[in-house]
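Inspection log for the structure reproduced underneath, given as structure tokens.
The values are calculated or read from the model by the stated rules, or taken from the named source; none is laboratory data. The model shown is predicted, which means the values in this text are computed figures rather than measured ones. For neighbour counting, all protein chains shown are included, and Cβ atoms are generated from backbone atoms with ideal geometry for every residue, glycine included. For the accessible areas, the whole protein counts, side chains as well, though only heavy atoms, and no ligand, DNA or RNA atoms are used. Shrake-Rupley method; radii C 1.70, N 1.55, O 1.52, S 1.80 Å.
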Amino acid sequence: MSRVFLGTLAAGLALSAGFTPVSAVDGGPLRLTARQRVASPSDPAASVETSMTREHDPRKTAIVVCDMWDDHWCKAAAGRCAELAKKAEPVLAAARARGVTVVHAPSDCMAFYNNHPARVRMLAVKPVEPPAPKDHPVPPLPIDDKAGGCDDDPPSPFSKSWTRQHPALTIDPDRDYVSDSGKEVYSLLREKGITTLVVMGVHTNMCVLNRTFAIKGMTRWGVDCLLVRDLTDAMYDPKKAPFVSHAKGTELVIEHIERHWCPSIEAKQLAGGK
């Protein structure tokens, strides 16, 4: 399959998702407008939004798709993840066509991908020992998720309901990677000279922050991370503090990450949109 065909296909997918992509064959640098929050000069307990647009070399950029499983013990969460997967698929196709490395990270599902070329490719990466993790303060989350954060009545809470990544997401057998190990992903970044790791998936307040391949771990290892804020979802029950809607709870977690961990971007930027 030619690069021209792949580029045309990715551009079409991006257009169908409402994006306006640049050329997927020679699209040049990624222009990513990163939003983050800093302490307010008048009230250090509050924060103000800032943004900066930077150019990123696609060949030095990777996306990690965090725990977008085929199912979940919380069925409301599973339904939202399925919708996110449909939205993420054209974004990944367009970014991949521009030269971005895609890592699929469905934790606890490596046995399913034991013989998949993308898993075999990851296992062939020469291991690199990460540096000693940097000290980093860990402020409390702005939502109460101690009970698991499910906003419906799960029949089997905290059970392992997933077996694989959501099938709406394509794993390119010739180019992608599969891993749920921070050390494996870090080794891949070093091998390919990747300096920016873009994180999308679920759940914002749990796996997206805490998996070894995700924001906290990679930030502590000195990797420049970005969160895709419109391709993520939190585990939050509005019946818990701060007693806001589910969407608002997710927004609060995103703002927490922007202030304390890393900036965020919009998905359309990865597909060449503005």
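Assorted remarks:
- Verdict on R80 being under 17 Å from P58 (Cβ atoms), among the charged types (D, E, K, R), open to solvent by 10 Å² or more (accessible area, probe 1.4 Å) and in contact (Cβ under 8 Å) with a residue 60 or more places away in the chain: no
Yes/no per residue for (1) in a helix (DSSP H, G or I); (2) open to solvent by less than 50 Å² (accessible area, probe 1.4 Å); (3) of a type in the set (S, T, N, Q):
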{"site": "T232", "(1), (2), (3)": "no, yes, yes"}
{"site": "M235", "(1), (2), (3)": "no, yes, no"}
{"site": "K239", "(1), (2), (3)": "no, no, no"}
{"site": "G249", "(1), (2), (3)": "yes, yes, no"}
{"site": "H256", "(1), (2), (3)": "yes, yes, no"}
{"site": "C262", "(1), (2), (3)": "no, yes, no"}
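- Taking the criterion of being open to solvent by less than 60 Å² (accessible area, probe 1.4 Å) and in contact with an Asp or Glu (Cβ under 8 Å, 6 or more places away or on another chain), the residues of the stretch 45-77 that qualify are S47, C74, A76, A77.
- Selection count, the stretch 105-154, where residues are polar (S, T, N, Q) and open to solvent by less than 60 Å² (accessible area, probe 1.4 Å): 1
- Residue in the stretch 205-224 that is open to solvent by 50 Å² or more (accessible area, probe 1.4 Å), in a helix (DSSP H, G or I), in contact (Cβ under 8 Å) with a residue 24 or more places away in the chain and in contact with a His (Cβ under 6 Å, 6 or more places away or on another chain) present: yes
- Selection of the stretch 91-100 for residues being in contact with a helix residue (DSSP H, G or I) (Cβ under 6 Å, 6 or more places away or on another chain) and open to solvent by 10 Å² or more (accessible area, probe 1.4 Å) yields A93, A97, R98, G99.
- Any chance A97 is at pLDDT 95 or above, more than 28 Å from M206 (Cβ to Cβ) and aliphatic (A, V, I, L, M): yes
- Yes/no for D70 being touching a Pro at 6+ places or on another chain (Cβ under 9 Å), closer than 30 Å to S245 by Cα and of a type in the set (D, E, K, R): yes
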